[in-house]
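Remarks on the structure that follows.
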Amino acid sequence: MIRKIVTANLAQKCKTLNQLKQIHGHLLKTYLQEYPLAIGPLFSMAATSKNPSFFPYARMIFDNSSHKNTFMYNTMIRGYMQANSPKLAVLCYLDMLNSGFEVNNYTFPPLIKACSILVSFLETTGRLVHTHVVKFGFNDDPFVVCSLIEFYSLIHDMRSARVLFDKTLKRDVVMWTAMIDGYGKMEDVENARVLFEKMPERNAITWSAIMAAYSRVSDFKEVLSLFRQMQEAGTNPNESVLVSVLTACAHLGAVTQGLWVHSYAKRYNLDKNFILATALVDMYSKCGDVESALSVFEGISDKDAGAWNAMICGVAMNGDARKSLELFDSMVKSGTKPTKTTFVAALTTCTHAKMVKEGLKLFEQMSSVYGVEPQREHYACVVDLLARAGRVEEAEKFIEGEMGGLGEGDANVWGALLGACRIYGNVEVGNRVWEKLADMGIADSGIHVLSYNLYKEAGRDMEAKRVRKLISVGRMKKLPGCSVIEVDGAVEEFLAGDTHHPKASEIYKTIDSFSKMANLEQL
C-alpha cells in the first residue's frame with residue numbers, strides 16, 4: 001500500500017515524458033516483477049493526463065502488459081475519451097469483453113459518453129450499450145443512469161430518458177438536471193418546468209438548464225424572472241447563467257440588468273471568460289451602447305470568431321457600416337478565419353448601407369478566398385442587398401440563376417424582393433413574383449400582406465382583392481407588432497391590439513390624449 005501511494009504521488013508530479021519514463025524505469029527495477037499491479041497509478045495518470053505526449057506512452061504500457069485487468073481497461077476507455085478518440089474507446093470496450101474481463105460501474109459512464117459523440121454516425125451503438133448495462137446489472141447505478149439519460153437527450157428520445165428516470169430511486173441533482181436539460185434541448189419547456197418545480201434541491205447548473213430552455217423558445221422575460229428567483233433562493237450564478245441572462249437582456253433591451261451582470265462578472269473575475277465577454281458585447285450592441293461593447297471587445301485577449309462576429313454585427317446594427325467592414329478586415333489580419341455568421345453580418349452591413357459593390361465582392365470572395373461555401377442565408381442577403389438598392393430585376397435574375405428559382409427560397413428572400421418592388425413601385429417584377437408564389441401555394445401572411453400593399457398602392461384593385469381573398473380563405477393572421485421597454489429594472493412588453501395588460505385602459509387613455517394633443521398642434 002505504501003509503495004502504491006509513493007508511486008501515485010511521484011506520478012502526479014510528472015511534468016515531462018522523460019520524468020514519466022524515469023519513474024517507470026524505477027518501477028521495472030524494483031516493484032513490477034513482484035507487484036505487477038504497482039504500475040496502476042502511473043498508468044492511470046499517463047492515460048488520463050491533459051499532456052498529449054503522455055497518452056501514447058500509456059497505450060504502449062497497456063499494449064505490452066501481460067497483467068491487464070478491469071481497472072486498466074476502464075482507464076484506457078477514459079484515456080481514449082480524453083484523447084478525443086470515442087471510436088477507439090468503444091473498440092477497447094469490445095476487446096475487454098472478448099478478453100473475458102468483468103465490467104463494473106466505472107466502465108459505462110465514459111463508454112456512454114463515447115456513444116453520445118458517435119451518435120451522428122451510429123445511434124444504435126448507444127442503445128446496445130444500454131442493453132449491456134441491463135445485462136450486467138448496472139441499471140440502478142445513478143452515474144450510469146445519468147449518462148444514459150444524457151445520451152437519450154442527445155438523440156431527442158426523451159421517452160426512453162423518462163422511463164429510466166422514473167424507474168430510478170436514487171435521483172441526485174445531476175440526474176434531475178440532465179432531464180431538464182434534455183427537455184430544454186427539445187424546446188419542451190412545459191415538461192422541463194414541471195420537473196424543475198418538483199426538484200428537492202437545485203444548484204447553479206440546474207438554474208442554467210431551465211433558463212437555457214426558455215431562451216431556446218425566445219421567452220426572454222421568463223429567463224429574467226427565473227434569474228430573480230435564483231437570486232432570491234441565494235444561489236450564486238455561474239458563467240452559463242450569466243450568458244443566458246445577458247442574451248435575454250440583449251433581446252429585451254434591458255440594459256440596466258445587463259449592467260448589473262457586467263458588474264457582477266467583474267467583481268468575481270468572470271468577465272475573463274470569452275463566452276461571457278462575447279455575450280456582453282452582444283448585449284451592449286443590441287442595447288445601443290457601442291462604446292461599452294467596443295471596450296469589452298478590446299479587453300478580450302484571445303478573440304475567437306464568435307467575439308469578432310458579435311462586434312461586427314454590433315457596429316453594423318448601430319449604423320456604422322464602414323467601421324463594421326474595418327473590423328472584418330482586422331479579423332482577417334489577426335489570423336481568425338471568418339465563418340458563415342461573419343459573412344451574414346458583413347453582407348447585412350453592406351445591405352443597410354447600400355454598399356452593393358462591396359457586398360457583391362464579399363460574396364464572390366467567400367469560397368474563393370476564405371473557403372466558406374455560401375448557404376441559403378448568404379444568397380438571401382445578396383437578394384436583399386440588390387433589392388434594397390432598387391436593383392430588383394438583378395435580384396430576380398440572381399434568384400433564378402444562382403438559387404434555382406423562387407421555389408428554393410424562403411420567406412426572407414420573397415419578402416426582400418416584394419418589399420423592394422413596393423418601395424420602388426416595380427409592379428411588373430412584383431407581379432411575376434406574386435404569381436409564382438401563388439402557384440406554389442405559399443401561405444406566409446407577411447408575403448401576402450406585402451403583395452396586397454404593392455397592388456393597392458399601384459391602383460391595381462382587382463389583384464389586391466384577389467390577394468385579400470386568399471388571406472381570408474387561408475385564415476392567415478399577421479403577427480402583431482411588439483415593443484419592449486425597461487423601466488426601473490423591470491421589462492414591460494406591449495403587443496398591438498392587446499387588452500390583457502393590467503393597466504391597458506390607462507395606457508390607451510394616455511395614447512389617446514397624445515393623439516389629441518398632436519391634432520391640436522396641427523390646427
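The values are calculated or read from the model by the stated rules, or taken from the named source; none is laboratory data. Worth saying up front: this structure is predicted, and the values here are computed from it rather than measured. Cβ sites come from the backbone with ideal geometry, for glycine too, and all protein chains shown count toward neighbours. Please note that ligands, DNA and RNA were not included when accessible areas were found on the heavy atoms of the full protein model with its side chains. Shrake-Rupley method; radii C 1.70, N 1.55, O 1.52, S 1.80 Å.
At-a-glance table
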{"quantity": "Residue within segment 251-270 that is within 30 Å of residue 158 (Cα to Cα) and in contact (Cβ under 8 Å) with a residue 24 or more places away in the chain present", "calculated": "yes"}
{"quantity": "Selection from segment 345-355 of residues that are aliphatic (A, V, I, L, M) and open to solvent by less than 10 Å² (accessible area, probe 1.4 Å)", "calculated": "345, 346, 347"}
{"quantity": "First in segment 378-398 and under 12 Å from residue 423 (Cα atoms) and open to solvent by less than 40 Å² (accessible area, probe 1.4 Å), second anywhere and part of a helix (DSSP H, G or I) and of a type in the set (Ser, Thr, Tyr), Cβ under 7 Å, 6 or more apart", "calculated": "390/424; 392/424"}
{"quantity": "Matching residues in segment 116-141 - criterion: being touching a helix residue (DSSP H, G or I) at 6+ places or on another chain (Cβ under 7 Å) and closer than 23 Å to residue 171 by Cα", "calculated": "116, 126, 129, 130, 133, 138, 139"}
{"quantity": "Among (1) buried (at least 23 other Cβ atoms within 10 Å of the Cβ); (2) modelled with pLDDT of 95 or more - the single one residue 261 does not satisfy", "calculated": "(2)"}
{"quantity": "Residues of segment 164-178 satisfying the condition of being open to solvent by 30 Å² or more (accessible area, probe 1.4 Å) and within 25 Å of residue 217 (Cβ to Cβ)", "calculated": "166, 174"}
{"quantity": "All positions within segment 110-165 that are touching a Pro at 6+ places or on another chain (Cβ under 8 Å) and acidic (Asp, Glu)", "calculated": "none"}
{"quantity": "Unmet requirement for residue 318, which otherwise passes all of (1) surrounded by fewer than 23 Cβ atoms within 10 Å (Cβ to Cβ); (2) within 18 Å of residue 349 (Cα to Cα); (3) touching a Phe, Trp or Tyr at 6+ places or on another chain (Cβ under 8 Å)", "calculated": "(3)"}
{"quantity": "Total residues in segment 106-146, condition open to solvent by less than 20 Å² (accessible area, probe 1.4 Å) and more than 13 Å from residue 89 (Cβ to Cβ)", "calculated": "4"}
{"quantity": "Residue among 190, 201 that alone is open to solvent by 70 Å² or more (accessible area, probe 1.4 Å) and without any contact (Cβ under 8 Å) to a residue 12 or more places away in the chain", "calculated": "190"}
{"quantity": "Lone unmet requirement of (1) farther than 28 Å from residue 141 by Cα; (2) open to solvent by less than 80 Å² (accessible area, probe 1.4 Å); (3) of a type in the set (D, E, K, R) for residue 181", "calculated": "(1)"}
{"quantity": "Filter pass, residue 297 being aromatic (Phe, Trp, Tyr) and surrounded by 16 or more Cβ atoms within 10 Å (Cβ to Cβ)", "calculated": "yes"}
{"quantity": "Complete set of residues in segment 43-90 that are open to solvent by 20 Å² or more (accessible area, probe 1.4 Å), touching a Gly at 6+ places or on another chain (Cβ under 8 Å) and within 22 Å of residue 19 (Cα to Cα)", "calculated": "48, 55, 59"}
{"quantity": "First in segment 146-171 and without any contact (Cβ under 8 Å) to a residue 24 or more places away in the chain and charged (D, E, K, R), second anywhere and in a helix (DSSP H, G or I) and buried (at least 20 other Cβ atoms within 10 Å of the Cβ), Cβ under 8 Å, 6 or more apart", "calculated": "162/179"}
{"quantity": "Residue count for segment 147-163, restricted to those that are part of a loop (DSSP other than H, G, I, E, B) and buried (at least 19 other Cβ atoms within 10 Å of the Cβ)", "calculated": "0"}
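The rows are residues; the columns are (1) more than 12 Å from residue 161 (Cβ to Cβ); (2) at pLDDT below 95; (3) assigned to a loop (DSSP other than H, G, I, E, B).
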| site | (1), (2), (3) |
| --- | --- |
| 177 | yes, no, no |
| 180 | no, no, no |
| 195 | no, no, no |
| 205 | yes, no, no |
| 212 | yes, no, no |
| 218 | yes, yes, yes |
